């Protein structure tokens with residue numbers, strides 16, 4: 001799915017910029033020994049995931065990358081805000097057994113209530129990651145908790161994602177591994193999360209632009225505009 005390329009060894013001392021870069025790793029708590037693995041995932045996100053047509057395949061590929069590096073992910077979901085008259089957002093779901101699916105979140109008070117009681121609303125308020133040991137989490141903490149327990153998951157991680165235009169989004173990870181998510185795995189996720197958020201935002205902006213153009217100029221003209229076939233003048 002992706003490959004790591006070893007950098008040539010150098011006999012010269014590291015430059016000041018390289019030293020600053022290694023210092024930056026400490027901001028994520030990332031051991032420099034994990035850098036090749038972390039960069040491999042980041043490169044995959046920028047080189048392949050950003051160009052993928054189907055976001056479901058991006059989730060599947062991202063989960064595959066993490067599992068290949070020893071970060072056990074059995075379930076992943078995203079909730080992305082949408083600018084659309086018929087739905088307020090798009091939820092995508094990936095599990096190891098069933099692959100990727102999606103759901104459109106309708107407008108209305110019921111959707112607002114479900115969001116307000118969800119783990120996404122919690123992390124949007126705190127602006128912090130939330131890691132739950134499901135063996136120690138009461139069923140009434142969030143509506144999804146009983147389902148996660150019934151499916152045999154051990155740890156549940158919720159991460160808020162804030163796009164530059166202000167919308168609140170998020171991603172979750174769940175694992176059945178007996179030891180849950182390790183400190184190594186969490187550090188790896190913290191390092192690659194800004195890149196994943198960047199890719200998700202680009203895709204969201206492109207989808208919004210496509211929807212607006214389709215509404216104002218129609219299906220065929222909007223494709224021509226986005227492809228560059230039709231230009232001003």
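The values are calculated or read from the model by the stated rules, or taken from the named source; none is laboratory data. On a predicted model such as this, the values are computed, not experimentally measured, just so you know. Every residue, glycine among them, receives a Cβ derived from its backbone with ideal geometry; neighbour counts consider all protein chains shown.
When you look at residue 49, is it within 20 Å of residue 187 (Cβ to Cβ) and either modelled with pLDDT of 75 or more or loosely packed, with under 11 Cβ neighbours inside 10 Å (or both), yes or no? Against the criterion (within 20 Å of residue 187 (Cβ to Cβ) and either modelled with pLDDT of 75 or more or loosely packed, with under 11 Cβ neighbours inside 10 Å (or both)), residue 49 does not qualify.
Find the residue count for segment 66-98, including only residues that are surrounded by 13 or more Cβ atoms within 10 Å (Cβ to Cβ) and at pLDDT 85 or above. Going through segment 66-98 one residue at a time, the tally reaches 18. The set of residues from segment 117-135 being over 14 Å from residue 170 (Cβ atoms) and modelled with pLDDT under 95 comprises just one member, 117.
Of all residues in segment 34-79, those being in a strand (DSSP E or B) and under 13 Å from residue 196 (Cβ atoms) number 2.
Residues of segment 136-164 that are modelled with pLDDT under 95 and closer than 21 Å to residue 198 by Cα: 161, 162, 163, 164. Assess whether residue 167 counts as being farther than 23 Å from residue 64 by Cα and at pLDDT 95 or above. Here the answer is no, as residue 167 does not meet what is asked. The number of residues in segment 99-111 being surrounded by 13 or more Cβ atoms within 10 Å (Cβ to Cβ) and more than 21 Å from the chain's Cα centre (by Cα) comes to 2. Considering only segment 173-194, I want to know if a residue exists there that is at pLDDT 95 or above and closer than 20 Å to residue 90 by Cβ. Within segment 173-194 (the criterion being at pLDDT 95 or above and closer than 20 Å to residue 90 by Cβ), the answer is yes, since at least one residue qualifies.
Among the listed residues 73, 144, which satisfies the condition of being in contact (Cβ under 8 Å) with a residue 60 or more places away in the chain and closer than 17 Å to residue 156 by Cα?
One residue alone meets the criteria, 73.
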